[in-house]
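Chemist: Got a structure here, written out as structure tokens. Questions coming.
The values are calculated or read from the model by the stated rules, or taken from the named source; none is laboratory data. Here the structure is a predicted model, which means the values were calculated and not measured. Methodologically, a virtual Cβ is constructed for each residue, glycine included, from the backbone with ideal geometry; neighbour enumeration extends over all protein chains shown.
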2 protein chains.
Amino acid sequence: MTTFEDATAVAKAGEGHYTAELSAGFSIGHALHGGYLMAVAQRAAVAGSPHAHPVANSWNFLRVPRPGPAEVRVERVKTGRTAAVSRATLVQDDQAVLEGMVTTGTLDPDAVASYSAKPPIIAPVEECRGDPAAESNAGRQIGLAHQMELRFDPATAEWAHGRPGDTLEMSGYFRLRDGSEPDSYVLAVAVDAFPPVVFALGSYGWAPTVELTWHMRAVPAPGWLTGHLSGRLVSDGWFDEEVELWDSTGRLVAQARQLARLAR
Amino acid sequence: MTTFEDATAVAKAGEGHYTAELSAGFSIGHALHGGYLMAVAQRAAVAGSPHAHPVANSWNFLRVPRPGPAEVRVERVKTGRTAAVSRATLVQDDQAVLEGMVTTGTLDPDAVASYSAKPPIIAPVEECRGDPAAESNAGRQIGLAHQMELRFDPATAEWAHGRPGDTLEMSGYFRLRDGSEPDSYVLAVAVDAFPPVVFALGSYGWAPTVELTWHMRAVPAPGWLTGHLSGRLVSDGWFDEEVELWDSTGRLVAQARQLARLAR
């Protein structure tokens, strides 16, 4: 079992009832990484499903959990041949931390797209630098930086050197440090792994996710994931962040949008 | 009360329990319009909330309802000063038709965006034509076509004349025929009002929505809504559809993404 599998494992404790142990290894300051929490809850939601792939995942972030025991409650709301839908709630101390809906389907690993957008233009991974956020916030992010590796495209990483720009955009590469190849659980972490896209505008600081929906579009090939982040509107204390993940063969494997609050 | 308000009205029948009468006026063939169903469920979710605006709305389409009595069950899962979150389920004959999560917040109608993408480039409404889908499927869509008016940008409407293209894109205008000005409920209809974006590629036919998440980003001004549809991937029987709605003053008021099935 990899470090990641161990940290996101759930154990069945009854019908629609799973226990988990939230790992301090995925901490960011006093909080736990949102993508990590989604991966834990997703394991329980997919465990009882007739389909392997979480094609649609909508999560609401309700409270900040701490490392330690938690449980996931799952209720199936539809079981279909094409898609099954479950509601899942990650609970700690009898309070909902994360709640959402997971739709599972069965994706064909050999599917050939009849239409696809083009992958982002990004420098090769060798020319991309390590995680500037982890370096500049070493004390705060050290837990997470030990789990995952981010490399930033120099073309959209000027913000990391104190030179924010005027475009809501960021590109880079992601992989787990334990050697795990991408699967649907790694994708859940990766869609929320990069710094908030508003860092590109110089709006640094804690930017809590309120709602995040992501879709798994294909079974990823081994290797680095390429991430492209963008956003459309920063207004009234809210911003959106779109994340696309492409696998090493240039296929779009995940799409996400989150609504988040700006740091005060 | 406008026709639209009447058709989407809910009546409180108990704590977290609302009744509704689904209107045949919003039918498409034997089904009811998805955006209409979201608007009905949204009324119940927002009714008991301390905040006026549904900033995040994630819906799973589970079963096809028929016109007639239905109910909405709402459970509050978080009440915060910035955001409140409810789970809502539209039920007919004791079966869940639509289930999702609604996050409410309070948007400032006078908010000025600190960053905004640019509105789509589209011909003026006078140069855009009526609804080709309604015309070509008059028998099937007549109910819906009486409720809402769509006008298509000629630049992305070649598909309506039997000349599909190779770009997953469509632009046009939307308004309700009863004179209702856009609000959060009209936005719920409008994010799902245009024909499936895959029509642009010539993939015509019924394309059932599996999951749709939309975000209300600003309080819309009166007048036509401008819609821009796009998609990123058609593969393995699934496609994504992104919809942006802009108000008559050029502000981004709603963003949506849905995951849907291709017509067979």
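Chemist: From the list B:Ala260, B:Ala256, B:Ala218, B:Ala193, which one is in a loop (DSSP other than H, G, I, E, B), among the small types (Gly, Ala, Ser) and within 13 Å of another protein chain (Cβ to nearest Cβ)?
Modeler: Answer to the selection: B:Ala218.
Chemist: Among (1) surrounded by fewer than 24 Cβ atoms within 10 Å (Cβ to Cβ); (2) modelled with pLDDT of 95 or more; (3) of a type outside the set (Val, Ile, Thr), where does A:Leu212 come up short?
Modeler: (1)
Chemist: Name the residue, out of A:Ala9, A:Ala39, A:Ala24, A:Ala31, that is farther than 22 Å from A:Thr209 by Cα and of a type in the set (A, V, I, L, M).
Modeler: Being farther than 22 Å from A:Thr209 by Cα and of a type in the set (A, V, I, L, M) holds for just one of A:Ala9, A:Ala39, A:Ala24, A:Ala31, which is A:Ala9.
Chemist: What do you reckon, is B:Thr89 within 23 Å of B:Ser180 (Cβ to Cβ) and either within 14 Å of chain A (Cβ to nearest Cβ) or at pLDDT below 95 (or both)?
Modeler: Judged against the criteria, B:Thr89 is not a match.
Chemist: Does A:Glu135 satisfy the condition of being within 23 Å of A:Ala193 (Cα to Cα), at pLDDT below 95 and either more than 7 Å from chain B (Cβ to nearest Cβ) or in a strand (DSSP E or B) (or both)?
Modeler: Yes.
Chemist: Just to be sure, is B:Val234 part of a strand (DSSP E or B), surrounded by fewer than 22 Cβ atoms within 10 Å (Cβ to Cβ) and within 13 Å of chain A (Cβ to nearest Cβ)?
Modeler: It is true that B:Val234 is part of a strand (DSSP E or B), surrounded by fewer than 22 Cβ atoms within 10 Å (Cβ to Cβ) and within 13 Å of chain A (Cβ to nearest Cβ).
Chemist: Sort out which residues of the range A:141-158 are surrounded by fewer than 22 Cβ atoms within 10 Å (Cβ to Cβ) and at pLDDT below 90, and write them in order of number.
Modeler: Hits for the range A:141-158 are A:Gln141, A:Ile142, A:Gly143, A:Ala145, A:His146.
Chemist: Next question. Among the numbered criteria (1) in contact with a strand residue (DSSP E or B) (Cβ under 7 Å, 6 or more places away or on another chain); (2) more than 30 Å from B:His51 (Cβ to Cβ); (3) surrounded by fewer than 23 Cβ atoms within 10 Å (Cβ to Cβ); (4) not hydroxyl-bearing (Ser, Thr, Tyr), which one does B:Arg264 miss?
Modeler: Here B:Arg264 clears every test but (1).
Chemist: For the range A:52-66, give me each residue that is closer than 20 Å to A:Val186 by Cβ and more than 12 Å from every other protein chain (Cβ to nearest Cβ).
Modeler: The answer is A:Ala52, and nothing else.
Chemist: Ok, one more. Please go through the range B:103-115 and pick out each residue that is in contact with a strand residue (DSSP E or B) (Cβ under 8 Å, 6 or more places away or on another chain), within 7 Å of another protein chain (Cβ to nearest Cβ) and under 12 Å from A:Trp238 (Cα atoms).
Modeler: B:Leu107, B:Ala111, B:Ala113, B:Ser114, B:Tyr115
Chemist: When residues of the range B:19-46 are filtered for being more than 26 Å from A:Asp240 (Cβ to Cβ) and either surrounded by fewer than 21 Cβ atoms within 10 Å (Cβ to Cβ) or not small (Gly, Ala, Ser) (or both), how many remain?
Modeler: The qualifying residues number 12.
Chemist: Please verify whether the range A:94-102 includes one or more residues that are within 14 Å of chain B (Cβ to nearest Cβ), surrounded by fewer than 18 Cβ atoms within 10 Å (Cβ to Cβ), farther than 20 Å from B:Ala56 by Cβ and among the charged types (D, E, K, R).
Modeler: The answer is yes, given that some residue of the range A:94-102 is within 14 Å of chain B (Cβ to nearest Cβ), surrounded by fewer than 18 Cβ atoms within 10 Å (Cβ to Cβ), farther than 20 Å from B:Ala56 by Cβ and among the charged types (D, E, K, R).
Chemist: While we're looking at this one, here's another question. Looking at (1) at pLDDT 95 or above; (2) on the phi > 0 side of the Ramachandran plot; (3) among the small types (Gly, Ala, Ser), can you tell me which one B:Ser184 breaks?
Modeler: (2)
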